[in-house]
Structures are given as structure tokens and as C-alpha cells.
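Read through the structure below, which is laid out as C-alpha cells, and then see the notes.
Every number here is computed from the coordinates shown, using simple stated rules; none is lab data. Note that the coordinates shown come from a computational prediction; the quantities given were computed from them, not determined experimentally. For neighbour counting, all protein chains shown are included, and Cβ atoms are generated from backbone atoms with ideal geometry for every residue, glycine included.
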Amino acid sequence: MLANPLLSHVLDDEALTRGLGDAEARVLVEWLVEQAEELSHNRPAADADQEMRRLCRRGRAISRFVYLWCLQRLRGAALQLAAAERFAWQLPDDHRIDACELMQDILFWEKCDLQHQAAKAGRTE
């Protein structure tokens, strides 16, 4: 049994890391685990569960973007995904960017965006 039930959303979702290398998969999972820990401390259980589901869905989309952009070199497909998911972060300007570096850049932006949203809502996450 997990000490934090929100972690099951991350650990049971193979689609989160499908196709990624070990380094970028680790970065994504660690970020989601960090988010689960913060949510479990700062939100009621039902709200935390819903937000964790949303974050895992977002994580799958980010994972797929990194996979398409860096590992498959399918820039058109990656751009379509970015538009469909309404990713607000800046698209990579270096076509040779390392997948792990891109994952770190995206998740840094996502973390800043989550903090901004929490500040607007009057929460401290």
C-alpha cells in the first residue's frame, strides 16, 4: 500500500514514459511524484485526486511531445500535438536538443505555471 494514494496515478500509468529514454522518463516521473506530494499536503483529497489525474494527462502529452520532437524527429506531428494541447511554453529553437534537456525545460515551465496559477487562486503550493 502506498503512503500517498496519488502516487498510484503515476506508478500505474505506463503511457507516461512509453518511448522515452531512462533519463527523460526519470525526470517526468520525479516531477509528477513531487506534484503528488505537494497536492497531498495542500489540497483536500478529492481536489488533489482530480488535479493529479489532470497532471498525469498533461504528463502523457508532454511525454509524447518530447518523444515526437527529439526521438522520432517528427516536428510536424509534435507541433500539431502542441497546438491541440495548447502548450503555452516556448517551442524548442534547437532541432538537435537532447530529450532529457527538453523534458527538464518543459517541466520547469510547467512548475512555474502551476505556481503562478496557485498564487492567483490564493494557494501556496
Largest-first principal axis extents, alpha carbons of the chain, Å: 41, 34, 22
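Only counting other Cβ atoms within 10 Å, I'd like VAL66, VAL27, VAL10 sorted with the fewest neighbours first.
Going from sparsest to densest Cβ surroundings: VAL27, VAL10, VAL66.
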Difference of contour (0.36 nm per residue) and Cα-Cα distance, ARG96 to LEU71: 8.0 nm
Pairwise label distance in nanometres, ARG58 with GLU30, each label 7 Å out on the Cα-Cβ vector: 1.9
Debye, to nearest 20: dipole size of the stretch 7-121, +1 on Lys, Arg Cβ, -1 on Asp, Glu Cβ: 480
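Per DSSP H run of at least 4 residues, take -39500 (n - 2.57); add these up for the chain, divide by its residues and hand me the 222 nm value, nearest 500 deg cm²/dmol. Could you put the intermediate results ahead of the total?
Numbers: 5 runs with 82 residues, N = 125.
Using -39500 (n - 2.57) per qualifying helix, the result is -22000 deg cm²/dmol.
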Radius 10 Å from Cβ of LEU20, net charge of other residues (Lys, Arg +1; Asp, Glu -1): +1
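Using R₀ = 30 Å, calculate the FRET efficiency as 1/(1 + (r/R₀)^6) where r is the Cβ-Cβ separation of GLU85 and LEU11; round to 0.05.
Working: r = 23 Å, r/R0 = 0.77.
After rounding to 0.05, the efficiency reads 0.85.
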